[in-house]
């Protein structure tokens, strides 16, 4: 699936994109609030500035993803691979990052109030 197909299907009301292969997808500034990307592959994707609030990313692979300035408030990032990810200036208020792999992730100026990072 490419970014254009995901945006089109989301616009028609579809929200479940579990296990989607979105490697290298360019979804900058996309509004994907409430989308289910459980176990999705988003390696090297660009979601900078995207609205991903209330999103389910449980067990997703976000290796080297660009999430700078994205909104991930109240998102489920439990067991997500965020190695080498750019999370600078990302809103993570109330997000669940428990058991997430944050090795070498850039969290500079990220908003982590009430986030679960345990």
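Going by the conditions given, is residue 19 assigned to a loop (DSSP other than H, G, I, E, B), at pLDDT 95 or above and farther than 22 Å from residue 116 by Cα? First the steps, then the outcome.
On the way: assigned to a loop (DSSP other than H, G, I, E, B): yes; at pLDDT 95 or above: yes; farther than 22 Å from residue 116 by Cα: yes.
Yes, satisfied.
Could you please give the count of residues in the range 108-118 that are surrounded by fewer than 18 Cβ atoms within 10 Å (Cβ to Cβ) and at pLDDT 95 or above?
From the range 108-118, those surrounded by fewer than 18 Cβ atoms within 10 Å (Cβ to Cβ) are 108-109, 111-114, 116-118; that's our starting set.
Remaining after also requiring at pLDDT 95 or above: 108-109, 111-114, 116.
Number satisfying all stated conditions: 7.
Residue pairs, Cβ under 6 Å, 6 or more apart or interchain, first in the range 37-61 and under 13 Å from residue 75 (Cβ atoms), second outside any loop (DSSP other than H, G, I, E, B). List them.
Cβ pairs passing all conditions: 38/56; 51/31; 51/71; 53/71; 56/36; 56/76; 58/76.
From the list 25, 45, exactly one residue is modelled with pLDDT of 95 or more, crowded, with 20+ Cβ neighbours inside 10 Å and over 16 Å from residue 9 (Cβ atoms). Which is it?
Working: 25 fails: over 16 Å from residue 9 (Cβ atoms).
Exactly one of 25, 45 is modelled with pLDDT of 95 or more, crowded, with 20+ Cβ neighbours inside 10 Å and over 16 Å from residue 9 (Cβ atoms), namely 45.
Select from the range 41-53 the residues that are more than 10 Å from the chain's Cα centre (by Cα) and in a loop (DSSP other than H, G, I, E, B) and write down the one among them that is farthest from residue 104 (Cα to Cα). It would help to see each step written out before you state the result.
Quick first cut of the range 41-53, residues more than 10 Å from the chain's Cα centre (by Cα) only: 41, 43-44, 49.
From what is left, the residues that are in a loop (DSSP other than H, G, I, E, B) are 43-44, 49.
Numbers: 43: 15, 44: 15, 49: 21 Å.
Looking at the filtered set, the residue picked out is 49.
The values are calculated or read from the model by the stated rules, or taken from the named source; none is laboratory data. All figures in this text were calculated on a predicted structure; none of them were measured in a lab. Note: ideal-geometry Cβ built from the backbone for every residue, glycine included; neighbour counts use all protein chains shown.
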